[in-house]
Amino acid sequence: SQTIHQWPATLVQPVGSPLSLECTVEGTSNPNLYWYRQAAGRGLQLLFYSVGIGQISSEVPQNLSASRPQDRQFILSSKKLLLSDSGFYLCAWSVALGVSGANVLTFGAGSRLTVL
Amino acid sequence: GENVEQHPSTLSVQEGDSAVIKCTYSDSASNYFPWYKQELGKGPQLIIDIRSNVGEKKDQRIAVTLNKTAKHFSLHITETQPEDSAVYFCAASEDYGQNFVFGPGTRLSVLP
């Protein structure tokens with residue numbers, strides 16, 4: 001069966017420091033991968049999605065970047081964190097396009113980032 | 001692009017009563033509509049979904065209805081229990097598409 005791992009679960013970082021959140025998926029090949037952000041009491045905002053290694057699409061301009069160095073690995077980064085980057089970050093995956101039932105989205109447990 | 005609205009934003013019900021959450025969407029090309037439950041401090045979990053070729057789907061105490069003409073779909077929870085308390089999100093996407101648009105969420109509280 002497929003599983004998704006996301007870490008760290010909790011992170012407290014000072015303003016201006018770098019960020020790296022990592023996500024890996026097991027039990028599937030060539031998944032679509034996503035990073036969402038959830039501000040306190042708010043909905044889910046899509047930040048990045050990837051349909052393959054090295055292929056990253058950004059949905060909103062921001063202080064963050066994403067990379068997919070391996071098929072089942074998705075990394076969210078920042079060179080210098082801002083206060084407004086605080087939030088709950090969720091990685092998710094779905095089956096690749098063109099497959100029936102492709103768009104069932106499965107989320108990781110989330111990473112709570114607090115920028116002080 | 002797609003826009004999903006969700007109501008109410010908060011909902012309190014007595015244990016054993018029913019709860020209904022409604023969503024509307026704008027893009028007629030959307031044909032897949034999942035519902036997610038998010039407990040405090042956790043990632044959202046898929047609880048039920050429906051595709052546009054079906055008008056209603058039921059799984060034990062949970063059901064979802066879809067009206068494609070009116071572009072709205074609803075989540076129905078019967079015989080609510082305290083463990084149903086959570087934030088519920090609806091979403092819409094096109095089949096084979098990778099872009100899911102989520103509603104803003106509904107915080108459901110089931111009072112004992």
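Would you please give the residues with an amide H less than 5 Å from that of residue B:91, counting only those at least 5 places away or on a separate chain, with H modeled from the backbone geometry?
B:103
If I model a spin label as a point 7 Å beyond the Cα along the Cα-Cβ vector, how far apart are those points for residue B:18 and residue A:62 in nm?
Simple spin-label model gives 3.8 nm for this pair.
Please sort by residue number the trypsin sites (Lys or Arg not before Pro) in region B:9-112 whose DSSP state is loop and whose Cβ has at most 16 other Cβ atoms within 10 Å.
Answer by residue number: B:42, B:61, B:68, B:71.
Mind listing the phi-derived Karplus ³J(HN,Hα) values for region B:66-77, rounded to whole Hz, using 6.51, -1.76 and 1.60 with θ = phi - 60°, and x for any glycine or proline?
Going residue by residue, I get 10, 10, 5, 5, 8, 6, 9, 9, 9, 10, 10, 10 Hz, with x marking Gly and Pro.
Restricting to DSSP loop positions (anything but H, G, I, E, B) with no more than 12 other Cβ atoms inside 10 Å of their own Cβ, which GluC sites (Glu not before Pro) remain in region B:60-112?
Those satisfying the criteria are B:79.
Would you work out the charge dipole size for chain B about its Cα centre, treating the Cβ of every Lys and Arg as +1 and the Cβ of every Asp and Glu as -1, and quote it to the nearest 20 debye?
It comes to approximately 120 debye.
More than 18 Å apart: what percent of Cα pairs in chain A qualify?
Counting pairs separated by more than 18 Å, the tail of P(r) holds 46 percent.
Work out the P(r) tail for chain B: percent of alpha carbon pairs separated by more than 19 Å, whole number.
Percent of Cα pairs beyond 19 Å in chain B: 40.
Quick one: in the protein assembly as shown, what % of C-alpha pairs are over 30 Å apart?
In whole percent, the long-distance tail amounts to 25.
Compute the distance in nm between two label points, each set 7 Å from the Cα along the Cα-to-Cβ direction, one at residue B:58 and one at residue A:29.
4.2
Read-outs: derived from the displayed coordinates by stated rules, not from any lab. Keep in mind that what you see is a predicted model, and the values were worked out from it rather than measured. Glycine gets a Cβ as well: all are built from the backbone with ideal geometry, and neighbour counts include every protein chain shown.
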